[in-house]
Each structure stands twice: as C-alpha cells, then as structure tokens.
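Values quoted throughout were computed directly from the atomic coordinates according to the rules given, and no laboratory measurement underlies them. Just so we're clear, the structure is a prediction, and the values are computed from it rather than from any experiment. As a convention, Cβ positions derive from the backbone with ideal geometry for all residues, glycine included, and neighbour counts pool all protein chains shown.
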Amino acid sequence: MTTELTGGVYWVGAVDWNLRDFHGYITPKGGTYNAYLIVDEKIALVDTVKNAFAGEMLGRIKEIIDPSKIDYVVSNHVEIDHSGSLPEIMKLTPGAQVISTEKGKEGLLRYYQKNWNFRTVKTGDELKLGKRTLFFITVPMLHWPDSMATYIKEDRILLSNDMFGQHIASSFRFDDEALESDCDVVMEETARYYANILMQFGVLILKKLEEFQKLGIEPAMIAPSHGVIWKNPEKIIGAYRKWANGFSKEKAVIIYDTMWNSTEMMAGEILKGISNSGVEVSLFHLRRNEWSEIVKEVLEARAVLIGTPTLHNDMFPQVSGFLTYLMGFKPMNKFWATFGSYGWAGGGVKGVNERLKASGYEISDSLEVRFRPDEQDMEKCRALGERTAALVKG
Ligand code: FEO
C-alpha cells in the first residue's frame, strides 16, 4: 500500500520487520528504508531502498505510475540502504537523470560502475518539476560526506535522508499515527539512532539548523529515510537541538567488565553511593549488554563511570573495545570517573585514564583495588559514588 504525504507526494519505501543489526548496532524494533515519489509534470524518485527490498519499492511505485516514466532519481546519500536499488530502477528508466552531490556521484560510480546520466548539485540548486520545485541542501557528515537533503518548496516537505530518522518498523508512517505508548518508543529509537550515528556531529547539526533558517527552510513536514514522517517537525528539531547542545540530566551510567567479580563488586557499591544520594543511575556489564544500547544511555547521562579489571598491565580488552567505540562519538558535558581491580600488578585503571585523557576528558575520580575489595574498599566505592552524585547535582 502506498502512502500520500500530500497530493502527488508518496512514500514508496520498504519495511524491514526483521532487521536486528544495522551495520553493527542493534535494531530491536526493525527498520524502514523510505523512498519518496513526486508526481508532477515531471516525475522524481527521491532515494531508493536496500537492494533486497527493491521489489517491494517497485510494487509501490507501480501502484502509482509506470516506473519507466520517472524523469529524475535523486540520490541524497550513497550508503547502500538508500542507493541499493538504484540499479533496478535505472534498468526500468535508463534515461532518467541521477541527481546527487559531487561526492555522491563519486560514491555511486564506485559502488555501481554505471555511467548513468548524472547531474551534480550543491546547496541552493533547484529543479523545477512543474508546479513543484526541488531545492537541494548539502548536509555533509549527516551522515556521510556525500549527504544532502531535498526540500519540496511549495509543500514545505524536507526529505532529510538520515538526519531525523530512527530505526523502527511499523504499520504507521506518520508520527501522529503512533499510539501514545508508541510515541515513547519512537523517541527512544530516535535517541538510539542519534547517539549511535550522529552524536559526534552536534556542532554541524546546530550550524545546519541555522543554515536551514537562513535559507528559508521551515518544513511543515520532515520525511527522513528511516522511520516515521514527522508532521510535527518541532518535536524532532527540538530533540536534535537539545542533544546537539550536549543536554544532560541528573543521571549516571556505570559501565564495566569483570574477571573474578572484584570490579563488579566495586560497581555495585558505587551504584549504591550514587543511588542513595538520590541520583538516577544505570549499570551495564559490557559482555551482557549491547554496546549501542549503552551509548544511547550515555547520550543524556551527566556522569559516566568506567570500570575495568587488569589484564597484561592494561585495561580489559572489552573495555578497550568499548572505549574505542564510545570515544568516536565524542560525548559532551560529562563527568568521568574510573575504577577497577588488579591482582599482582596494576595498570587497568591507568589504561582507562590514559585513554580518556587522550580524548580530551578530565577524570573527576579514580579508584583501584587489589584482588578483592574489603570493607574499607567498599566504603571508598560508596564514597566515590556519593562524590559523583554531588557533581551530577551540581
Ligand atoms: Fe541510512 Fe547513512 O545510511
């Protein structure tokens, strides 16, 4: 079934109900790949879908028009969840012009090795379809250097590609169709998506939102390439503005791994110290929790505590791997504390401290215990928790 955003503008994407892993992070609710068809005097398809879903997209297009009538295929982003079905579409309409940024063309040529009828665009370029005008805006790094967005000027619909998306498979296409309980799920998945894909680009996002205003882009609807279409753009723009500004709340996250439970015992006592001080706190064992879920929890946390045992005079490998993942997102406005244990020689906590310092973070507190924490050590852990809670409360 097709969905009309407004007269002549259709969602013709695909729903991936069984998607559980999106290039390395969990997608417990599945996902969608959104493509949009604009039928005017000329016909434009904006983005396609992952290749395995080409048939589903073509079926939707065929309910509206003959695909051979498509005049323009706009490729907002090269990544193959959006460009993967370009070859199938171009076989049906080989004369269509493929519109992308210069970098987009470079990527499409590398991926598909086809000398399609390309036209490259930059911010401010327009394409007249008839009554409607497509206005292009580059959005580099949101999500790749090639990315751009397409704005349907007359309808004030922003086809934003990855920006403002979330991975959720649903039978509803619009935010206002979600039941009240589903609204929370949509925002939770939006936070997971932002944290695991865009968190490091907060500065760019704020600049881009400013640029949108200067260009007169005031969308009445935001239609991303994943998840729901926002009839209430202020809700998602507000959330992005908040996260991009480094919003945090009175919350701490304890992230650790453990060999013989000593670091785990410390984590539990630190949690007591924070919780007894009236601050919300969550605890994650790195081998029992999915990392993208932990990163989502870090997004709005004001304090992050990293715990590690010592192995080969350094931090535990899982802690090192997680820090590599987390540091890539450049989390902002956090207090950082570290803790851990060792047997014959230390080095685990020192390794974490050095890794955090190398990423430009200050460490507010640090505690290392030999073998098993005794009652005095447990008291020190609770005190560390209390000091962290005091920082969080400001
Ligand atoms: Fe949804 Fe960057 O691809």
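Values for this structure:
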quantity	calculated
Low-density loop cleavage sites - GluC sites (Glu not before Pro) in segment 1-102, where at most 14 other Cβ are within 10 Å (DSSP)	E41
Cα gyration tensor shape for the chain, rounded if a/c is under 1.5, else prolate or oblate	prolate
Expected 222 nm ellipticity per residue - DSSP helices of 4 or more, -39500 (n - 2.57), all of the chain, to 500	-10500 deg cm²/dmol
Rough spin-label spacing in nm, given labels placed 7 Å along Cα→Cβ, for D66 and N115	2.8
Spatially proximal lysines relative to K42 (Cα-Cα < 24 Å; intrachain offsets below 8 disregarded)	K62, K69, K91, K105, K114, K122, K128, K131, K153
Proximal aspartates and glutamates to K208, defined as alpha-carbon separation beneath 17 angstrom and excluding residues fewer than eight positions away on the same chain	D125, D146, D162, E218, E234
Other-chain or far-sequence residues with amide H under 5 Å of E280's (modelled H)	A252
Signed unit charges on C-beta, dipole axis of the chain, positive-most listed residue G340, A239, S68	S68
Proportion of all alpha-carbon pairs of segment 103-236 beyond 24 Å (%)	35
Estimated dipole of the chain in Debye, rounded to 20 [Cβ of Lys and Arg +1, of Asp and Glu -1, Cα centre]	780
Charge tally in the Cβ shell below 15 Å around G95, where Lys, Arg are +1 and Asp, Glu are -1, G95 excluded	+3
Axial C-alpha extent at least 24 Å, average Kyte-Doolittle at least -1.0 - helices from the chain (DSSP)	375-393
Counted charge near E300, where neighbours are those whose Cβ lies closer than 13 Å (Asp, Glu -1; Lys, Arg +1)	+3
Label-point gap, in nm, between K207 and K122 - each point 7 angstrom along Cα→Cβ	1.5
Within segment 251-393: Cβ-based charge dipole about Cα centre, in debye rounded to nearest 20 (Lys, Arg +1; Asp, Glu -1)	280
Farthest positive-ward along segment 121-192 dipole, Cα basis, beta-carbon charges - from A169, L127, M187	L127
Charge sum, other residues only, whose C-beta stays under 11 Å from T258's C-beta, Lys/Arg counted +1 and Asp/Glu -1	0
Coil-residue chymotrypsin sites (Phe, Trp or Tyr not before Pro) of segment 124-187, DSSP, other Cβ within 10 Å capped at 16	F172
